[in-house]
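Every read-out reported here was derived from the displayed coordinates using simple, explicitly stated rules and does not represent laboratory data. A quick note: this is a predicted structure, and the numbers were derived from the prediction, not measured. In this analysis, Cβ positions are derived from the backbone assuming ideal geometry, glycine residues included, and neighbour counts consider all displayed protein chains.
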Amino acid sequence: MTEQIPLNTLLGDRYKVTGHVLETSHGDTVLDGVDQVLGRKISIVLAAADHTRLLVSNARKSALLSRASVQVLDLGNQGDRTYLITSHTRPDTLLGVLLTEGEGNEAEAFGEEIFGDTGPMLAPNSYQVAKDRAAKEEAAAPAATAAAALATPSISATRSFEAPAEAEPEEFEDYDLEEEGYYEGEEPANRQGGIWVVGIAAVLLLAIGAGIAYSSLGKMVDSEASRQALGSSSASASASASASVSASAQPTASASPSSSQLPAARLAGSVTRTVPSAPSLMAESDSFLSHLTDGNEATSWVSLAFGSANFGGLTDSFYLSFPLEDATTVKSVTIDQLSGVGGAFTVYASDSSSLTGAQKVGSGSFTASGATTVDLDQEVQKGETEYLLIQFTSAPQLSQPIVAGYPFGLRLTEVSVK
């Protein structure tokens, strides 16, 4: 029987062994452990000496791993034994996927980020994903979902919301003087005000015409009396016009509330993460998303560590969705992060937690560690923003890497809005 690794052993200066789960008759072992950097539970698979090549070969076959919901995190050596770090998974699933001979399976390269080149396992790192299998894996998605349900409880990374149906605008018929016919459509917002303006203009024209006629007649009667009469009529008409304009202006001003009448922008918590091309990527850190809105800069949400700014090639982007307490217009968003420089992100306003139908309102990059504030486009929001979405399209480089040798990632402490 192969000698067991003692409890509390630290593998790769990061993964602490917390329990012995299973050992096979061939000497393969499954252990429980904790990732000391991210504080998450993990599984450790140690292969017997004659199963080392089998473990590495099966770990490279990402199609098999995705069907069993196994996420490979790291690979290394402990003495003369090779160990593989995975997401916390049932031991029978790990042994069935990683230490079982397969036939006719095409290996899909994870790349050098975890496994290195075909040479030594500790080669330089850079994620790669084989693009030619994307169509096949998409076709196998239903099977993958069923397998994942049997293997581990599923983690819901996002919540779907249905946008409320908009009420049908009332239709009416009205007479168009210019076209001399009827038309149907939405009633213009300023139609009633236009009627008032036309009426006022007609009153003024009548008053002026009456004054001119009366003035001409006054020459034959009493010019002084006619001027007094004319002055009285003009004053009366002006007073009437002023009252009418004031009455018609009041409803128009209150029809569209100003920005000062909108609710203040406040985040409501319940932050969600969405990775469109790899839904389970970074799901193990979802429990820390609440730290982004707890008002405590000592807490943080940390992404995986990557070997390149394009997230190691695992995905082209991901986004975080922040619900607001009330629908309103958001003037600016501030992102606090630690030790990152560079990267890129885009900000969207939406009525749901999905990018579908969202409107771009800003973008930015991290120029230094600390707070980065981006002013947002207020015109397109119209006081209707219910969710603020921040999509990260490039990872910043960290002066204090999450994992040594993997210098790109995100360490966010707080997100706030105004």
* For segment 301-418, give the magnitude of the charge dipole about the Cα centre (Cβ charges: +1 Lys/Arg, -1 Asp/Glu; no others), in debye to the nearest 20. => 380 debye
* Structure fact -> In nm², the average projected area of the convex hull spanned by the Cα atoms of segment 308-379 is 5.6 nm²
* Asked: Name the residues of segment 276-320 whose amide N is less than 12 Å from a point 7 angstrom out from the Cα of L338 along the C-beta direction?
  -> 297-303
* To do: Return, ordered by residue number, the residues of segment 359-377 whose backbone nitrogen is under 15 Å from a label point located 7 Å along Cα→Cβ of K418.
  => 371-377
